[in-house]
Amino acid sequence: MPKDHGIGASVKRREDIRFLTGTGNYTDDITIHGQAYAVFVRSNVAHGRIVSVGAEAAKGMPGVLAVFTGEDFKDVGGNPAGWLIKSRNGEAMREPKRPVLAHGKVRHVGDAYAAVIAQSYNEAKTAAQAISDASVIEELPAIVDMRQALADTSNRVHDELPDNECFDWGWIEDNRAKVDEAIKSAPHVTTLNLINNRLVPNAMEPRASIGEYFPGTGDYKLTTTSQNPHLTRLLVAAFVLGIPENKLTVVAPDVGGGFGSKIYHYGEEALVLAAAKKLKRAVKWTAERSESFLTDAHGRDHVTKIELACDLEGNFIAFRTETMANVGAYLSNFATVTPTFLHGTLMAGPYKVPNVYVNVKTVFTNTAPVDAYRGAGRPEATYSLERVVDKMCRELGLDPFEVRRKNFLTPDMFPYTTPVGLAYDTGNYHATLDKAIQLGDVAGFEARRAASAAKGKLRGLGLSTWIEACGIAPSNLVGILGARVGLYDAATVRVNATGNVSVMVGAHSHGQSHETVFAQIVGAMFGIPEGSIEIVHGDTSKIPFGMGSYGSRSLAVCGQAMANACDKVIAKGKKIAAHMLEANEGEILFSDGVFSVSGTNRSKTFGEIAFSAYVPHNYPLATLEPGLEETAFYDPANFTYPAGAYICEVEVDPDTGKVDIASFTCADDFGNVMNPMVVEGQVHGGVVQGIGQALLELGVYDENGQLLTGSYMDYAMPRADDVPFVTVDHSCSTPCTHNALGVKGCGEAGAIGSPPAVVNAVLDALNRAGKKIDHIDMPLTPSRVWSAMNA
Amino acid sequence: MTKVTMTVNGMSVSAQTEGRTLLSAFLREGLALTGTHIGCDTSQCGACVVHVDGQAVKSCAVFAQDVAGATVTTIEGMANADGSLGVIQAAFQEHHGLQCGFCTPGMVMSTAALLAINPKPTVEEIRHGLDGNICRCTGYHNIVKAVLAASGQDATAMAAE
Ligand code: FES
Ligand code: FES
């Protein structure tokens, strides 16, 4: 029998019961008595001067309660960028204000410049259309292409800026001359120009928000689709509306996926709060999918030139990267850190390369804001590295497996500081590579290739070896780098009088399974049944100030905070036990839910100690407070560094260019694994998002800034029949050395490691078939592959 | 406004509707059956799938008035009489066929309809049969396993691990 509880067991998820019976509680499921409905009036043009807003048109229309325009929010604060990045010349990034509703100009299709509140959704929708029809917006030429945006300073997304550049960042600037020199004198240099395609995150639950205001107390409540309710509270209260934090509760109930897009504070959240206050009734807004396409922060969108310098045996000498990263029309909260510190610092990969330099220019365009999307910067880094390594192998006729092996850091080299400033703590990249080779049956590839060829299909095999930095992040370090918040997390462990436990955590679960997995950890630490432990998350009035879930940080940061709080509870329990058992504290042992005196049979159960803490009749009241509840804030000493090796096999149809994924194999090192079932599920999902990026997905704006891929008719989401089963393994574990759980994080891995494996496999198939093709930009649709083959 | 009556999860229910009221809105707003989800506005995600007279239907693409008198089953009607999970629901839990849970009601309803016409589908038939339902979380791996298991097939043997 496999273990059914405790650390390392594939415990079935308790959250499934409500989701499988239709009794989940997502934001749009909530109805507040008397609620009104908000609908936004959004720009149809990518760039335009607002001449007049036809708010009058809605006056007197059935059910209309209020209309808001950009003028109403002109004097409130703006939604800030979370990181201040400096340019190579030392100047601070340009940081135009991001208003609740646009005024003066609209800057992307979907930019909201008015909102109407009505008794019913249909009435609000009808009135919004009337306002849209009555508004006058003078269309300006759209700024879409990044190169053009940088070249033409006369047409600007933000008139108050001198041009369309946000910053020009170098990492590490001191490496620059050395890297240039190394590349100049290297025996071989491989150069690759590539695009990391724009993606639309598409969590299946569209964003939604409900604002409430309680006039009797002056309290506000925001129920919203957020990955991090405290961050949203901080932003909307302190930065945007000027509400005291203590007067605003933010609740993120069940949230239907995030993938980054729900980290950020969006203007709709501020609007429903302001409207609720004005109307003294709840105001609800739910995005239609087309609004999600237009206004959720998009992902990726990098244009990159990468150079790899090496000797003729394939030993790496230097990597140099030049990237243009699109930030869209406004700076979303993590837009400036994603293409910089989450990308540039990963450009050494798992390799012992002595020289690395990265230059990133970020560019404003008349498109939706671009921000972190599953992997956030690290998929972009991995894709550039693994594609250029693959190209180099082909140029020099080297074996991609051997080239990885000879350049990998070896286990004896840890801790290892890379030339781009990260200190990797542990890893064994050879082990994960060997595991992937074995599980992917690389030895049998030739036979499978022959079988494919017999069917008229071209088979190829692609490899990608990846590393990421997650468990974000040591606050003092990120503070130096420009973060405007701390990145610790927090948990409160409350042992109730009857011995069951409520655990309030700063992390938020929107698919990650915290309610089950966190209970496994607490249950194991306390030696009590998991069923007696409740994990509470998502409500700022219940949980301690935490930073939420993104960047594969929940377990490595919040989980460790929770474990530390459990340790504090146990320490206090020992004091209580010492008193009750008339022993010295140092003699008290705790294991399997029992406090005992060392070397004796005297003991008290966890429940007895809890009861005594709340009914302190026989209790050391002079020296110890009653109650059994502890809070811990945990600020990690370092990032964590999961890594792995992915192997993809594809079959390409030479007549149509269609790519089928024949198999996909992952060997990952996530450190210690708490629940293998959950970890495997995270990898499956991440890999399929990466396959989506590699083969299907592309956010396309035309030259007028119209989003051509604004629905599921034009934006190809991976569906069940587009993808294979995914073989996953996490047995090559090197536990993290700086958190006691030894965990590294697994949420983003699949999306980071998979795109280059797919693209490398397709190029392998084509080159084996005699087509000399260096590169095809993602997504590798049939038309792109066919065109490359027939160029 | 027109009064519409239908049988939902075994109960006869009535509500006032406009001509434009969708079945999904009738269920979610009129009856507070919020297990049926809305994931798109172009009838392409499948989060809203319910059964109308035994057929899987995207409830966002049907007017409530057009199905007056019909028998409708939603996710809320899929558990066993004693409240325990039905076979398909239990298989989804057992095989971790859901993460955020948002696509799940539609997946379960589509699976039930698939198995009703094809009680032992192959992996390919399952993938094809569910291609009207988008899941962003699971990569479908465990959903396919859950459907295999729900149809009494050996999921672990058929799915690569
Ligand atoms: S909501 Fe019905 S198909 Fe998407
Ligand atoms: S479980 Fe989240 S969309 Fe399927």
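All of the numbers you see were taken from the coordinates with simple rules; none came from a lab. Since we're looking at a predicted model, the values are computed, not measured. So basically every Cβ, Gly included, is an ideal-geometry build from the backbone, and we count neighbours across all protein chains shown.
The table for this structure:
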| quantity | calculated |
| --- | --- |
| Cα centroid of segment A:391-407 to Cα centroid of segment A:40-116, whole Å | 50 |
| Using a Förster distance of 56 Å, the FRET efficiency for A:Asp434-A:Lys278 (Cβ separation, nearest 0.05) | 0.30 |
| Karplus 3J(HN,Hα) series, Hz, for segment A:180-187 with 6.51 cos²θ - 1.76 cosθ + 1.60 (x for Gly, Pro) | 4, 5, 4, 6, 4, 9, 6, x |
| Trypsin sites (Lys or Arg not before Pro) restricted to segment B:7-81 and DSSP loop, no more than 10 other C-beta within 10 Å | B:Arg20 |
| Which of A:Met413, A:Met547 has the fewest Cβ neighbours within 10 Å, and the rest in rising order | A:Met413, A:Met547 |
| Segment A:1-143 - Kirkwood radius from inverse mean 1/r over Cα pairs (Å) | 18.9 |
| Under 5 Å, built H, 5+ apart or other chain: amide partners of A:Gly546 | A:His230 |
| Inter-part distance where segment A:768-791 and segment A:701-725 are each reduced to a Cα centre, Å | 20 |
| Å³ per residue enclosed by the Cα convex hull of the protein assembly as shown | 180 |
| Rounded to 5, percent antiparallel among DSSP beta bridges of the protein assembly as shown | 80 |
| Between 0 and 90°, nearest 10: helix B:141-150 axis offset from chain B longest Cα axis | 80 |
| Under-5 Å amide H pairs with A:Arg198, H placed in peptide plane, nonlocal only | A:Asp301, A:Gly699 |
| Surface/4 estimate of mean projected area, convex hull on alpha-carbon atoms of segment A:117-198, nm² | 10.7 |
| Peptide B:71-77, shielding by other chains (average Cβ, 10 Å cutoff) | 2 |
| Shielding of B:88-97 by partner chains, average beta-carbon count, 10 Å | 4 |
| Largest-first principal axis extents, alpha carbons of segment B:2-78, Å | 28, 27, 20 |
| Burial ordering of B:Ile117, A:Ile472, fewest other beta-carbon atoms within 10 Å first | B:Ile117, A:Ile472 |
| Whether segment B:87-160 is rounded, prolate or oblate, judged on the alpha carbon gyration tensor where a/c under 1.5 counts as rounded | rounded |
| J(HN,Hα) series, segment A:54-68, from Karplus relation 6.51 cos²θ - 1.76 cosθ + 1.60, nearest Hz, glycine and proline x | x, 4, 4, 4, 8, 4, x, 5, x, x, 6, 10, 6, 10, 10 |
| Loop GluC sites (Glu not before Pro), segment A:482-585, which have at most 15 other Cβ atoms in a 10 Å radius of their Cβ (DSSP) | A:Glu582 |
| Amide H within-cut-off set for A:Gly421, under 5 Å, with H built and near neighbours excluded | none |
| Over segment A:488-634 - Rg/Rh using Cα atoms and the Kirkwood inverse-distance radius | 1.01 |
| Shielding by partners - mean other protein chain Cβ count within 10 Å, residues of A:201-208 | 5 |
| Listed residue pairs exceeding 19 Å between alpha carbons, taken from A:Lys74/A:Lys97; A:Lys391/A:Lys435; A:Lys305/A:Lys361 | A:Lys391/A:Lys435 |
